[in-house]
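Read-outs: derived from the displayed coordinates by stated rules, not from any lab. Keep in mind that this is a model prediction, so the values were computed, not measured. Here the Cβ is made from the backbone with ideal geometry for all residues, glycine too, and neighbour counts use every protein chain on show.
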Amino acid sequence: MKYTATVLLLAGINMIAVSGCTVLTGYGGMFSLGQAGFMSIGAYFAACFHIYGHIPFLLAVLLGALVSTAAAVLIGFPVLKNKLTGDYFAVCMLGFGEAVRLISANFKPYIKGAMGLTGIPRKTTLTVVVVCTLVVLFLIRNYLKSHYGKNLIAIRQQEVAAEMMGMNIMSNKMWALAISGFTCGFAGALYAFYATTMYPTTYGSAKSTDLNAAVVFGGVNSLSGPMMAAIILAAMPEVLRAFAMWRLVIYGLLFVVIMLFRPEGLFGNKEIAGELKRLWRWIKRVWAWRTTGRKEAG
Amino acid sequence: METKPVIEVRNVTIQFGSLKANSDVSFSVRQGELFGLIGPNGAGKTTMFNAMTGSVTPTQGDILFDGKSVLKKRADEICKMGISRTYQNIRLFPQMTVEENVEIGLHAVPQYSRLAAFLGLPVVKRTERETKQRAREFLNRFGLLDKQDMKAGSLPYAMQRKLEIARALATSPKFLLLDEPAAGMNNDECNELVALLQQVHQDFHMTTLLIEHHMDLVASLCDKLCVLNLGKVLRQGTPSQVQKDPEVIQAYLGDRRRKRYE
């Protein structure tokens with residue numbers, strides 16, 4: 001039971017992080033390779049707020065996430081002002097993620113550099129994670145379903161026309177980046193209070209890749225798709241514990257297979273709820289056909 | 001009767017390196033006019049459009065809309081001033097449905113705050129319903145209502161052009177720029193488009209600036225024409241004046257043909 005709870009807890013944290021990446025990468029089409037940097041910032045600041053500032057656990061986590069949001073706005077300003085898109089944006093964010101890792105590895109006061117910050121109290125429980133995940137998912141779902149979400153898709157598909165329709169491209173993209181900064185920071189902070197230690201290498205570029213993988217696996221116009229993928233990807237290391245060495249190889253293989261057969265992601269544009277409704281209608285139809293068929297036969 | 005000019009192009013020169021796309025172009029479009037901008041390939045018509053919508057900044061001169069300069073403004077600010085356009089190479093949102101395309105024109109700046117969106121307040125649902133309703137009205141006017149659930153990218157070419165006009169009108173502009181709306185259309189589709197544009201012009205009292213190659217279409221549609229050639233204004237006037245002008249004929253047909261024509 002304890003084991004299952006742990007996997008669920010990790011899955012929940014992963015879902016929180018991925019939900020923001022859905023806004024940024026899925027809907028907004030901005031591929032970022034530095035999301036782990038936001039997780040680091042959120043984790044370090046939340047831990048410091050709690051340990052040195054004696055701020056209560058949940059408030060510290062929230063403040064950590066807000067600092068990470070501020071970092072997103074700070075990096076977003078020069079990057080988006082200069083209209084960097086596509087690969088250029090990805091590389092800038094990769095640089096940001098690496099910068100965060102190197103700075104935290106060499107910053108001795110408070111966070112103890114490469115030695116890592118230890119002795120963070122274990123406060124994150126399954127209940128906390130479940131409640132936080134539900135709240136974050138509720139907010140993100142509403143945002144994506146509103147006109148703001150549709151506008152993001154429009155910008156991804158045809159930026160020139162979207163701007164001519166009256167959208168402020170910079171502010172729309174900035175919000176997407178800030179939202180992803182918030183959820184990643186939030187998830188990172190929650191994880192720090194679960195793991196009780198925080199090293200500069202806890203969130204490396206592999207973590208950023210993981211987050212993007214979840215969005216791409218799940219589908220770019222969907223929230224429930226990436227959420228499923230987030231759960232699967234969080235459980236994967238546990239399932240594949242026996243061949244930990246081969247894990248990344250299997251990831252790579254999965255990536256190639258999905259890109260070959262479902263380039264728009266497992267769920268593409270669809271939401272799970274909609275698909276379940278369709279399945280239910282289909283079952284009802286088959287059922288109706290069977291019963292009427294029987295009557296006619298009788 | 002002279003009404004006030006909606007857009008005024010004043011001595012605009014646009015230079016890309018050593019290439020002058022436009023040099024010293026001046027014309028003005030008055031309230032409610034259907035104005036045609038014509039000229040052979042490479043005359044600088046689309047560059048002029050791009051300058052009016054903020055994607056190109058003129059080297060010299062000024063463009064005034066309602067008395068205010070549109071230079072150094074972002075496209076979305078220009079849109080809010082009341083200018084909307086279509087593109088020569090269609091720029092729809094290809095993977096969105098036909099209806100969603102028009103909806104984007106209606107809610108590019110949503111009427112509620114982001115906080116309301118996050119919390120999913122009732123205003124979000126209500127606005128969404130109203131937007132859908134209004135989008136359907138637009139589609140109905142353009143005869144695209146039965147295609148509303150199709151992906152915009154899978155529509156036939158002529159319909160994509162129509163949809164783009166519908167989407168441009170959805171931003172409720174005061175001034176509409178159409179870049180070759182009849183490009184790639186056959187004769188029937190072209191006639192249909194003329195009727196549609198006249199209808200739109202009547203219903204919305206829309207001041208319209210039109211780039212076009214089809215002389216017939218321009219002649220039957222526009223009140224006034226401006227002919228560009230090699231970046232300069234060649235002639236301005238009513239369609240019948242312009243069509244008879246020997247220099248215009250020369251620019252369009254070449255010297256040899258002109259002699260035969262005369």
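Observations
- The order of B:Val124, A:Val131, going from fewest to most other C-beta atoms within 10 Å of their C-beta, is A:Val131, B:Val124.
- Sites matching trypsin sites (Lys or Arg not before Pro) across region B:11-106 that sit in DSSP coil, with at most 12 neighbouring C-beta atoms within 10 Å: B:Lys72
- Residues A:Met167, B:Met81, B:Met206 arranged by fewest to most Cβ contacts within 10 Å: B:Met81, B:Met206, A:Met167
- In a simple Cβ point-charge model (Lys, Arg +1; Asp, Glu -1; nothing else charged), the protein assembly as shown has a dipole of about 1440 debye relative to its Cα centre.
- Applying the criteria of a DSSP loop state and at most 16 other Cβ atoms within 10 Å to the chymotrypsin sites (Phe, Trp or Tyr not before Pro) of region B:21-89 yields no site.
- Pairs exceeding 31 Å between alpha-carbon atoms, taken from A:Lys173/B:Lys151; A:Lys2/A:Lys145; A:Lys83/B:Lys224: A:Lys2/A:Lys145; A:Lys83/B:Lys224.
- Among A:Val215, A:Gly29, A:Tyr44 - extreme Cα towards positive end, dipole of region A:2-267, charges at beta-carbon: A:Tyr44
- Charge tally in the Cβ shell below 13 Å around A:Asn106, where Lys, Arg are +1 and Asp, Glu are -1, A:Asn106 excluded: +2
- 3J(HN,Hα) along region A:187-196, derived from phi through the Karplus expression 6.51 cos²θ - 1.76 cosθ + 1.60 where θ = phi - 60°, amounts to 5, x, 5, 4, 5, 4, 7, 9, 6, 6 Hz, with x in place of Gly and Pro.
- With an a/c value of 1.5 or above and a/b not larger than b/c for the gyration tensor axes a ≥ b ≥ c computed over the alpha-carbon atoms, region A:96-198 is described as oblate.
- Filtered GluC sites (Glu not before Pro), region B:74-182: DSSP coil and at most 15 other beta carbons within 10 Å: none
- Alpha-carbon centroids, region A:198-242 and region B:72-115: separation in whole Å: 34
- Charge dipole (debye, nearest 20) of chain B; +1 at Cβ of Lys and Arg, -1 at Cβ of Asp and Glu: 540
- For the protein assembly as shown, with +1 on Lys and Arg beta carbons and -1 on Asp and Glu, the positive-most of A:Leu266, B:Thr171, A:Gly53 along the dipole: A:Gly53
- For region A:1-70 versus region A:115-153, the inter-centroid distance based on Cα atoms is 7 Å.
- Its Cα centre serving as origin, region A:88-245 has a Cβ charge dipole (Lys and Arg +1, Asp and Glu -1) of approximately 340 debye.
- Residue order for A:Ser19, B:Ser18, A:Ser104, fewest other beta carbons within 10 angstrom first, comes to B:Ser18, A:Ser104, A:Ser19.
- For chain A, alpha-carbon Rg over 2.2 N^0.38 Å: 1.09
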